[in-house]
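K.L.:
What follows is a structure written as structure tokens; I'll ask about it next.
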Amino acid sequence: MTEKGYMTDIYKQLQDVMNKCDNLSHELKTVKKETEKKYKLQIKKINEQHKKEITTLKVEIKTLKEDNQKLRNENDRLKKQLNNNSDNSSKPPSSDIKQNKKDIPNNREKSNKKVGGQVGHKGHCLSKKDVEDKINKKEYKHEVINVGEISDNYISKYVIDVQVSVIAKEYRFYQDTNGKYNIPKEFQTDVQYGSEIKTLCSVLNTEGIVAIDRLTDFVSSISYGKLNISNGSIVNFINQLKNKCNPIIQKIEEKILNSNIMYTDATTARCNNRNICVRNYSTEKYTLLKATIGKGKKYILESNILPKYTGDLVHDHETVMYNYGKEHVECNVHISRYLKGCYENTKNNWCKEMRNFLVCLNEYKKKIKGSGKKSIPKDKLERYSLRYDEILKKGFEENKKVKSKFYKKEEKKILNRMKKYKRNHLLYIYNFDLPFDNNLSERELRHVKSKQKISGYFKSMTGIQGYLDIKSIIITCKKCSLDFYELIRNIFDNTPVTIM
């Protein structure tokens, strides 16, 4: 075969192959079209089904994420609630869960000092000279008990004790020139109780928180069964004292309204199977306690004390208080508890820094004040103000990194509060007369909880207000270094009394 014939043969073969490829490609397209046509509806249905499933799954995933976040927030909230105590929140110490180990209250840190009197502390005890001086002044009844054979040589040892005796004082009223018997109203009955037993029962019931049932048993016991007072008589003693207290309560209110600084706070109490509010209005020397059905502005107006007050107010961030008074001091111990709780939950350092900053600033103020100075230099005040802002700025930055939405929100509230009320939290360094905290109010409301735990609850608003009036007088007497027992006895005796 020639070369030309060979090339022609190859060309024909190549042409045949190409024709076959074209035929196969055509067949493939035909098969593909037929296949697509055949399965197109099925594929469309499958795709639509898959899209629906994907959409449903996305909705479910979104819902699960939201539920998961809600559960996380709820878990954080419950965890925070479980971990809250009197050190890191506004909860009272009475609600703390006591552990086997001894608690240290009031946020105090443990020290290395031994329990009891410290080295260098001068103790106090009743000396023989004190006793003999009181015997000479007839303040003590003197009774001699001889032990052994009587002679000129002896050593004296004293035993101080009390003796309870029942006295029946007979008052004899004689006719005047007109033949009339001028008998005072308090002698309406032939037999009545005197001021001493009335004072004892009233003080034990209010200050000692002794229930009336136990009080009747106590009086009977200390009198060796010679004096048996009924429950109704003790109730009458307390009601009589309450009615006689009104002039003194008005005087205390007047003194408080005329003061430059007033401390106030509120707590709840049970009365007639519902929660009511007990609020204190206090100064360094005077205390007034009032009971109202609620805590809001309506009931503050009802008490009609704050609306008349024009001085500075110290309180625990009750925003309604900003409607009254002049300057407002925020309690820094109150916010310190929240800062401590915030740090325990978020571990953000700004909380510790702010807490330490406020405490150290207060210590510095005490030091300056103790040295006789009346103010802090202006340049230092400016530095302290800038430092306060720096800590808050750091707090806002750290808050952005908190993962828990609940803790993040709670911390943001504290940051916003401290930013908005910066002046009120730092007022104590600008004016040395203003305090660092509102602990005075907390101390003066603590007895309400103690009374409620022992007695259960009060039966009426009249009853609880009577108790608060008597308690106001007792607390005020303690502040003014007055003998509250003697003052109450004078009230029963209708003897004029004064509160300094």
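K.L.:
Hey, how much of the P(r) for the range 387-438 falls beyond 17 Å, as a percent of Cα pairs?
P.N.:
Beyond 17 Å sits 45 percent of the P(r) for the range 387-438.
K.L.:
Right, here's the next one. Using Cα pairs closer than 8 Å and at least 6 residues apart in sequence, work out the relative contact order for the range 256-361, in percent.
P.N.:
19 percent
K.L.:
I'd like the FRET efficiency for Y140 and K180, computed as 1/(1 + (r/R0)^6) with the beta carbon distance as r and R0 of 35 Å, rounded to 0.05.
P.N.:
Taking R0 as 35 Å, the efficiency between Y140 and K180 is 0.20.
K.L.:
Now for a different question. Hey, got the dipole for the range 332-430? About the Cα centre, +1 on K and R Cβ, -1 on D and E Cβ, debye to the nearest 20?
P.N.:
Dipole magnitude for the range 332-430 comes out near 200 debye.
K.L.:
Ok, one more. Please report, in debye to the nearest 20, how large the charge dipole of the chain is about its Cα centre when each Lys and Arg carries +1 at its beta carbon and each Asp and Glu carries -1 there.
P.N.:
2240 debye
K.L.:
Also, quick follow-up: Could you state the principal axis extents of the C-alpha atoms in the range 332-430, from the largest down, to the nearest angstrom?
P.N.:
49, 21, 18
K.L.:
Please state the relative contact order of the range 332-430 as a whole percent: Cα pairs under 8 Å, 6+ residues apart?
P.N.:
After rounding, I find 35 percent.
K.L.:
For the chain, what relative contact order do you get, as a whole percent, if you take Cα pairs closer than 8 Å and at least 6 residues apart?
P.N.:
Computed over the chain, the figure is 18 percent.
K.L.:
With unit charges on the beta carbon (Lys/Arg positive, Asp/Glu negative), name the residue among S404, I249, H142 whose Cα is farthest towards the positive pole of the charge dipole of the chain.
P.N.:
The residue sitting most towards the positive pole is S404.
K.L.:
Still on this structure, I have one more. How far, in nm, would the chain grow between N19 and K393 when pulled straight, counting 0.36 nm per residue and subtracting the alpha carbon separation?
P.N.:
Extra length available between N19 and K393 comes to 126.5 nm.
K.L.:
Over 21 Å between C-alpha atoms is what I'm after, so list which of K255/K369; K122/K365; K290/K449; K365/K422; K141/K198; K251/K449 land there.
P.N.:
K255/K369; K122/K365; K141/K198; K251/K449
K.L.:
I'd like the distance between the alpha-carbon centres of the range 447-500 and the range 324-402, rounded to an integer number of Å.
P.N.:
Answer, in whole Å: 38.
K.L.:
Rounded to the nearest 0.05, what FRET efficiency is calculated for S165 and E254 with R0 set to 30 Å and r the Cβ-Cβ distance?
P.N.:
The calculated FRET efficiency here is 0.15.
K.L.:
Over 30 Å between C-alpha atoms is what I'm after, so list which of K52/K412; K134/K244; K244/K451; K79/K479 land there.
P.N.:
K52/K412; K134/K244; K79/K479
K.L.:
Using the 10 angstrom Cβ neighbour count as an exposure proxy, how do T268, T287, T189 rank, fewest first?
P.N.:
T189, T268, T287
K.L.:
Suppose R0 equals 41 Å. What FRET efficiency, 1/(1 + (r/R0)^6) with r the Cβ-Cβ distance, do E132 and Q188 give to the nearest 0.05?
P.N.:
Once the sixth-power term is evaluated, E becomes 0.35.
K.L.:
Using the Kirkwood formula on the Cα atoms of the range 16-58, what hydrodynamic radius do you get, in angstrom to one decimal?
P.N.:
About 12.6 Å, per the Kirkwood formula over Cα pairs.
K.L.:
Stokes-Einstein D for the range 140-216 at 4 °C, 1.567 mPa s, Kirkwood Rh over Cα pairs, in µm²/s?
P.N.:
Here the translational diffusion coefficient equals 72 µm²/s.
K.L.:
Only counting other Cβ atoms within 10 Å, I'd like F173, F357 sorted with the fewest neighbours first.
P.N.:
Listing F173, F357 from fewest to most nearby Cβ atoms yields F173, F357.
K.L.:
Separate question: Within the range 138-161, whose backbone N sits under 20 Å from a point 7 Å along Cα→Cβ of C125?
P.N.:
The answer is 155-161, whose backbone nitrogens lie closer than 20 Å to the label point.
K.L.:
Then there's this: How long is the gain from N349 to T63 if the chain were fully straight, where each residue apart is worth 0.36 nm and the alpha carbon distance is subtracted?
P.N.:
99.5 nm
K.L.:
Which order do E74, E398, E444, E411 fall in if you start with the one that has the fewest other Cβ atoms within 10 Å?
P.N.:
Fewest-to-most Cβ neighbours within 10 Å comes out as E74, E398, E444, E411.
Read-outs throughout are calculated quantities, based only on the coordinates presented, and are distinct from any laboratory measurement. These numbers were taken from a predicted model, which means no experiment stands behind them. Note: ideal-geometry Cβ built from the backbone for every residue, glycine included; neighbour counts use all protein chains shown.
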